[in-house]
1. Kindly indicate whether A37 is among the hydrophobic types (A, V, I, L, M, F, W, C) and touching a residue at least 12 places away in the same chain (Cβ under 8 Å).
2. Please name all residue pairs, on different chains or six or more residues apart, with Cβ atoms under 6 Å, provided the first residue is in segment 52-79 and is touching a residue at least 24 places away in the same chain (Cβ under 8 Å) and the second residue is surrounded by 10 or more Cβ atoms within 10 Å (Cβ to Cβ) and among the charged types (D, E, K, R).
3. Count, please, the residues in segment 28-56 that happen to be β-branched (V, I, T) and either in a loop (DSSP other than H, G, I, E, B) or modelled with pLDDT under 95 (or both).
4. Taking the condition of being part of a helix (DSSP H, G or I) and surrounded by fewer than 10 Cβ atoms within 10 Å (Cβ to Cβ), how many residues in segment 79-109 meet it?
5. Can you report the number of residues in segment 59-78 which are within 24 Å of P26 (Cβ to Cβ) and either in contact with a Pro (Cβ under 7 Å, 6 or more places away or on another chain) or part of a helix (DSSP H, G or I) (or both)?
6. Given (1) charged (D, E, K, R); (2) within 15 Å of L104 (Cα to Cα); (3) loosely packed, with under 10 Cβ neighbours inside 10 Å, where does R64 come up short, assuming only one miss?
7. Do you know which of the residues in segment 5-45 that are of a type in the set (V, I, T) and surrounded by 13 or more Cβ atoms within 10 Å (Cβ to Cβ) is farthest from D70 (Cα to Cα)?
Amino acid sequence: MSLTFEELPLRQETKAALKEHGFDSPFPIQEMVLPIALADGDVIGQAKTGTGKTLAFGIPLIERVIAPNDAEWKALEHKGAPQVLVVVPTRELCIQVAKDIDELANNRG
C-alpha cells in the first residue's frame with residue numbers, strides 16, 4: 001500500500017494541517033489503522049516509539065470532534081463538554097499526546 005493523506009476521507013482543514021507539519025504520507029501504523037478507524041471501525045494497534053501511533057488514533061478523533069466553527073455546533077447539546085477522553089500511562093506522554101493532537105487541530109476553532 002502507498003496511501004497519501006489526500007486520498008483519505010479527511011476534512012480539508014486536517015489535510016492542510018498535516019501538510020503544514022510536513023506529513024504527506026501516513027506511517028505504516030497509520031496506513032493500516034486510519035481507513036478502518038475513519039470508517040468507524042474498532043482497531044488495536046501496536047508499534048514502536050516514534051512510528052506515528054499518536055496520529056493513528058488522533059486523526060480520527062480530530063475528525064469526530066465537533067468544533068465551534070462546524071455546522072453541527074449549534075445542535076450540540078452540551079457545548080464545551082468533553083467529547084474525547086484519551087488515557088495514557090504517564091504525565092510525560094499525556095503532555096506529548098496533547099501537544100501533537102492540539103497542533104494538528106488548532107485550525108478547527
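The values are calculated or read from the model by the stated rules, or taken from the named source; none is laboratory data. Small disclaimer: the values here were computed from a predicted structure and weren't measured. Please note: Cβ atoms are built from the backbone with ideal geometry, for glycine as well, and neighbour counts cover all protein chains shown.
1. On the way: among the hydrophobic types (A, V, I, L, M, F, W, C): yes; touching a residue at least 12 places away in the same chain (Cβ under 8 Å): yes.
Criteria met by A37.
2. Pairs found: T54/D100; A67/R108.
3. Of all residues in segment 28-56, those β-branched (V, I, T) come to 29, 33, 36, 43-44, 49, 51, 54.
Then drop every residue that is not either in a loop (DSSP other than H, G, I, E, B) or modelled with pLDDT under 95 (or both), which leaves 43-44, 49, 51.
Summing the residues that are β-branched (V, I, T) and either in a loop (DSSP other than H, G, I, E, B) or modelled with pLDDT under 95 (or both) in segment 28-56 gives 4.
4. Narrowing segment 79-109 to residues part of a helix (DSSP H, G or I): 91-105.
This time we only want the ones that are surrounded by fewer than 10 Cβ atoms within 10 Å (Cβ to Cβ), so: 91-92.
Residues in segment 79-109 being part of a helix (DSSP H, G or I) and surrounded by fewer than 10 Cβ atoms within 10 Å (Cβ to Cβ): 2 in total.
5. 6
6. (3)
7. Within segment 5-45, the match that is farthest from D70 (Cα to Cα) is I29.
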